[in-house]
Amino acid sequence: MEQTYQYAWILPFVPLPVPMLIGAGLLLFPRGTKNLRRMWSFQSILLLSIVMGFSIYLSIQQINKGSIYQYVWSWILNNDFSLEFGYLIDPLTSIMSILITTVGIMVLIYSDSYMAHDQGYLRFFAYMSFFSVAMLGLVTSSNLIQIYLFWELVGLCSYLLIGFWFTRPGAANACQKAFVTNRVGDFGLLLGILGFYWITGSFEFRELFEILNNLISSNQVNFLFLTLCAALLFVGAIAKSAQFPLHVWLPDAMEGPTPISALIHAATMVAAGIFLVARLLPLFIVIPYIMSFISLIGIMTVFLGATLALAQQDIKRCLAYSTMSQLGYMMLALGMGSYRSALFHLITHAYSKALLFLGSGSVIYSMETIVGYSPDKSQNMVLMGGFRKHVPITKGAFLLGTLSLCGIPPLACFWSKDEILHDSWLYSPIVALIAWAAAGLTAFYMFRIYLLTFEGHLSVRFQNYSGKKENSLDSISLWGKKSSKEINRNFPFLPIDE
């Protein structure tokens, strides 16, 4: 087992050859690289599958042995100052690495077809693989400086992926907004890291926790300065996990391709803030008022995200505000000290929300290719309806994701959200009432999405494949008699009843 842990440092670097080789190929052999582009998607999926297998094996070892392994080596030595790099394998690392790789593999498989006709196909897979490298490096980091470096790489990948279609003004503005908003949080995170180094003289987690506990027990630290440094650390998590008031970037981030929304803004990148708070929870617990501040931000985000989702017409924006609300539940749980329930909900929500985003991508693709709407209209739920007969697999999968997120037993989110709600009653009745109200709003807006998208009939005129709008009364329904033959002739794969 010791030998297995010794090779765990390769986890973040296994997917790295894909973006490097794609970049070199496009620079030196652009035509040949583009002709073999499907090979690169296979390589991305294969390498991430290797990481997933290794992560599962490490997780099994953690369950059986319960040991924690850390290895560090010196990078910079100068008198009394030593900056070390290394990796830490513990249950939190194992959980996060499995989450990142499993969701990543599913999204990459989905993207192979979803992005097949996009000119930036190779660029997309290069960005996605590099994002996996950054996230895996983040969750295996053994100290605060290393976390900060990978934290910035994750932000860079987010900027590139949100602005993937940079020729669209909306995407260009969205990636800049996300970049600037996250820089506010990252500056706070950096100040917090430097503040704790000033207090303890260490960046390593274990040393930092031990020294801080000794200083607090002997009353040798300024509690006002200590609380300020802890709050600055938490500001980084607020921005990355889209908590109030730095949540403004998340809905605009939906300008990127839908697989990016599924991977980054539902399951992994936005979970980085939750991971940071979970990793530093032994530090936050011993500092007065910080845990209350975390729970306050969490419950405010829960209710704000749920109410904002009620008024959205864009299907992806509605899911984005739903993500914001569910991340608030996780932050609330961490603020209450419910470490286990927060991570449990992180896992169940990640898979449920990734399923919902990928299902919305299927619907959006149908709206663009079959109905003929432009991208600015294809995501409007008011213009949808009646898809249940024509995309039955998507409909079934989306319904399962909806039921799970609403907390319907025996699906996954019921168990995790119910545990958070139970703990909230023990923490504060007022907080519990708000959390329960937001859970009811979650069921309302999720079924609103499902009913507007899959039930009823298309309520607007049909725009056919040539881009011209039909003017007859029959064309008010998507499956009107006048246009059904044309649809069937040009899209034979679509089952249309005359």
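Here are the numbers:
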quantity: Overall form of segment 246-317 per C-alpha gyration tensor (a/c, 1.5; a/b vs b/c); calculated: oblate
quantity: Accessible solvent surface per residue of segment 307-410, calculated while the other protein chains remain in place, 1.4 angstrom probe, Å²; calculated: 31 Å²
quantity: Protection proxy ranking, peptides 113-124, 331-342, 292-303, average beta carbon neighbours within 10 Å, highest first; calculated: 331-342, 292-303, 113-124
quantity: Kirkwood-type radius of segment 199-243, with distances r between different C-alpha atoms, in Å; calculated: 11.6 Å
quantity: Backbone N within segment 417-458 under 11 Å of label point (7 Å from L310 Cα along the Cβ vector); calculated: 438, 440-442, 444-445
quantity: Using θ = phi - 60° and Karplus 6.51 cos²θ - 1.76 cosθ + 1.60, couplings along segment 338-353 (whole Hz; Gly, Pro as x); calculated: 8, 4, 5, 5, 5, 5, 4, 5, 4, 6, 5, 5, 4, 6, 5, 6
quantity: Chymotrypsin sites (Phe, Trp or Tyr not before Pro) restricted to DSSP loop in segment 138-171 with at most 15 other C-beta within 10 Å; calculated: F166
quantity: Distance (nanometres) between label positions extended 7 Å along Cα→Cβ at A397 and L224; calculated: 5.6 nm
quantity: Contact order normalised by residue count of segment 232-289, Cα under 8 Å, 6+ apart, percent; calculated: 38 percent
quantity: Principal semi-axes in Å for segment 1-64 [√(5λ), Cα gyration tensor, largest first]; calculated: 32, 12, 5
quantity: Highest-first arrangement of 19-29, 192-202, where packing means the average Cβ count within 10 Å; calculated: 192-202, 19-29
quantity: Largest-first principal axis extents of the Cα set of segment 213-344 (Å); calculated: 55, 25, 24
quantity: Probe 1.4 Å, accessible area per residue of segment 1-142, Å²; calculated: 50 Å²
quantity: Cα pair distances of segment 277-390 binned at 10 Å [whole percent]; calculated: 14, 34, 25, 16, 9, 2
quantity: About the Cα centre, charge dipole magnitude for segment 1-142 (Lys/Arg +1, Asp/Glu -1 at Cβ), debye; calculated: 640 debye
quantity: Listed peptides 203-213, 32-42 by packing density, highest first (mean Cβ within 10 Å); calculated: 203-213, 32-42
quantity: Helix axis angle, 17-28 relative to the chain longest principal axis, alpha carbon, degrees; calculated: 60 degrees
quantity: Degrees between helix 481-490 axis and first principal axis of the chain (Cα, 0 to 90, nearest 10); calculated: 70 degrees
quantity: Separation of alpha-carbon centers, segment 282-299 and segment 171-205, rounded to whole Å; calculated: 18 Å
quantity: Per-residue HN-Hα couplings for segment 41-46 [Karplus 6.51, -1.76, 1.60; θ = phi - 60°; Hz; x = Gly/Pro]; calculated: 5, 5, 5, 4, 5, 5
quantity: Chain lengthening between V286 and T167 when straightened (0.36 nm per residue, less Cα-Cα); calculated: 38.0 nm
quantity: Span from the segment 375-431 Cα centroid across to the segment 32-51 one, whole angstrom; calculated: 33 Å
quantity: Value in Å of the Kirkwood radius, where the chain supplies the Cα pairs that are averaged; calculated: 23.8 Å
quantity: Segment 1-142: mean projected area of Cα convex hull, nm²; calculated: 10.2 nm²
quantity: Of all accessible heavy-atom area on the chain, the percent that carbon and sulfur account for (1.4 Å); calculated: 65 percent
quantity: Within the chain, helix-based [θ] at 222 nm, where runs of 4 or more DSSP H residues each add -39,500 (n - 2.57), nearest 500; calculated: -22500 deg cm²/dmol
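The values are calculated or read from the model by the stated rules, or taken from the named source; none is laboratory data. Model, not experiment: these values are computed from the prediction. Quick reminder, even Gly has a Cβ in these numbers, built from the backbone with ideal geometry, and neighbours come from all protein chains shown. Calculation scope for accessible area: heavy atoms of the full protein, side chains included, ligands and nucleic acids excluded. Shrake-Rupley method; radii C 1.70, N 1.55, O 1.52, S 1.80 Å.
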